Structure formats: C-alpha cells, structure tokens
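Take a look at the structure set out below.
The values are calculated or read from the model by the stated rules, or taken from the named source; none is laboratory data. Since we're looking at a predicted model, the values are computed, not measured. Here Cβ is always computed from backbone atoms with ideal geometry, including for glycine, and neighbour counts include all displayed protein chains.
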Amino acid sequence: MGRSRGGLSTKIQHACDGKDSRLAMSLGPGAGGDSPMFPVVMEAARAPRLGGGRARTRPDAAMGDKAYSSRANRAILRDRGIKAVIPEPSDQIGHAKRRGSRGGRPVNFDSETYKGRTTVERSFSLSKQWRGIATRFDKLTLTYRAGVILYAVVIWLRQ
C-alpha cells in the first residue's frame, strides 16, 4: 500500500488485536513476498495486559491469508504454542495429495475462527483513510514508517 518514487512499491505488514489496534508493524518491499515478513512481525508483536505487567508475546491464535501458508511459518507458530488459523492454498493441497502418504497430514483449519480475520482488513481500511499513508508521498522509508506509526497511535488514542 502506498506510492514511492518507483511507483507502488511498499507493503505494510502488521499484527493487530481484535479491536483493530496494531500490535506490531513492518514495512517491506512491494515486490517481496508476504511470507518472509511473517517472522519479523510475529517477533515484534506485543499485547499489553489490562492490569499492568509484562506484555504478552504469545497470542492464542494467529490468523493470516493464504500468502502466509508455509511450513516455516507454521513451524514458528507451533514452536511458540500458537494456534495457526491460516488456510492452505489449493496448489499446496494438490502437491500434498500427489505425494500421497509422503505429502504429510493436512493442516488443521478452523473456518469459524477465520471469520474473525476481518479485523485485519478493517485495520488496513482505517490506514487507507489517512491520505499520507494511502498516497505515499514520502520519499524516505523512515518518514513513511513514522507516518504509519503515528497513525497507529492516533487509532489507539481514539479507542
């Protein structure tokens, strides 16, 4: 999302809670994939506790679209004890079926929980409301990132 000197070439990856508040965010190249940014965002995600204390770093579940479906991402979530609610693309399902028993078990996918992923889409819609983020007039990544973080703070304060 956003425009730079070379055209549409910046991707914002972020983790948010159920209230559309961003917990962590990262900027990546527009031509890069979504999946390599997943570990970076998950490592930076911190959810504040209501009663004070150390912030949570391990959510109950992590939801993502099909772009985040990879063995590496699922292994990261499994190692941290986080439930993965990420659908598997049809080509990955076909590859596993062709391999037979060597293709591994199909991934667990809870479609009811996945319906809650609309919070991420709403969160991006809020970001697109701010002209500075949607149009990407900033020439430097540093100032664009500062704008993204500033607008995340504004959203936190509105809630």
message: Residue pairs, Cβ under 6 Å, 6 or more apart or interchain, first in region 102-118 and surrounded by 13 or more Cβ atoms within 10 Å (Cβ to Cβ), second in a helix (DSSP H, G or I) and of a type in the set (A, V, I, L, M). List them.
response: Gly103/Ala96
field: Residue list for region 66-88, filter: surrounded by fewer than 14 Cβ atoms within 10 Å (Cβ to Cβ) and outside any helix (DSSP H, G or I)
entry: Gly81
- line: Out of (1) crowded, with 17+ Cβ neighbours inside 10 Å; (2) farther than 23 Å from Ile133 by Cα; (3) more than 14 Å from the chain's Cα centre (by Cα), the one Thr10 does not meet is (2)
- request: Test each condition in (1) more than 19 Å from the chain's Cα centre (by Cα); (2) assigned to a helix (DSSP H, G or I) for Arg105 and report the one that comes out false.
  value: (2)
message: Would you confirm whether or not region 124-145 contains a residue that is farther than 25 Å from Pro36 by Cβ, modelled with pLDDT of 85 or more, part of a helix (DSSP H, G or I) and among the charged types (D, E, K, R)?
response: no
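For Ala62, are the conditions met, namely being farther than 18 Å from Ile12 by Cβ and touching a helix residue (DSSP H, G or I) at 6+ places or on another chain (Cβ under 6 Å)? Full working, then the answer.
On the way: farther than 18 Å from Ile12 by Cβ: no; touching a helix residue (DSSP H, G or I) at 6+ places or on another chain (Cβ under 6 Å): yes.
The answer is no for Ala62.
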- request: Considering only region 14-28, state which residues are at pLDDT 80 or above and either over 13 Å from Ala152 (Cβ atoms) or small (Gly, Ala, Ser) (or both).
  value: Ala15, Ala24, Ser26, Gly28
- line: Of the conditions (1) surrounded by fewer than 17 Cβ atoms within 10 Å (Cβ to Cβ); (2) touching a strand residue (DSSP E or B) at 6+ places or on another chain (Cβ under 8 Å); (3) not in a helix (DSSP H, G or I), the single one that Gly52 does not satisfy is (2)
- prompt: Exactly one of (1) over 14 Å from Gly64 (Cα atoms); (2) free of Cβ contacts under 8 Å to residues at least 24 places away in the same chain is unmet by Pro89. Its number?
  reply: (1)
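Are any of the residues in region 69-80 hydrophobic (A, V, I, L, M, F, W, C) and either without any contact (Cβ under 8 Å) to a residue 24 or more places away in the chain or within 18 Å of Arg22 (Cβ to Cβ) (or both)?
So the first thing to find is which residues in region 69-80 are hydrophobic (A, V, I, L, M, F, W, C), and the list is 72, 75-77.
Subsequent filtering for residues that are either without any contact (Cβ under 8 Å) to a residue 24 or more places away in the chain or within 18 Å of Arg22 (Cβ to Cβ) (or both) retains 75.
The answer is yes, given that some residue of region 69-80 is hydrophobic (A, V, I, L, M, F, W, C) and either without any contact (Cβ under 8 Å) to a residue 24 or more places away in the chain or within 18 Å of Arg22 (Cβ to Cβ) (or both).
Taking into account only those residues within region 33-49 that are of a type in the set (Gly, Ala, Ser) and more than 19 Å from Gln92 (Cβ to Cβ), which is surrounded by the most Cβ atoms within 10 Å (Cβ to Cβ)? Can you show your working first?
Just the residues of region 33-49 that are of a type in the set (Gly, Ala, Ser), to begin with: 33, 35, 44-45, 47.
Remaining after also requiring more than 19 Å from Gln92 (Cβ to Cβ): 44-45, 47.
Numbers: Ala44: 15, Ala45: 21, Ala47: 15.
Once the filter is applied, the top-ranked residue is Ala45.
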task: Could you tell me whether Asp91 is within 23 Å of Ser125 (Cβ to Cβ) and either modelled with pLDDT under 90 or touching a Leu at 6+ places or on another chain (Cβ under 6 Å) (or both)?
output: no
task: Show the residue pairs that are 6+ apart or on different chains and have beta-carbon atoms under 8 Å apart, the first residue being within region 145-159 and crowded, with 17+ Cβ neighbours inside 10 Å, the second being among the β-branched types (Val, Ile, Thr) and not in a helix (DSSP H, G or I).
output: Val148/Ile12
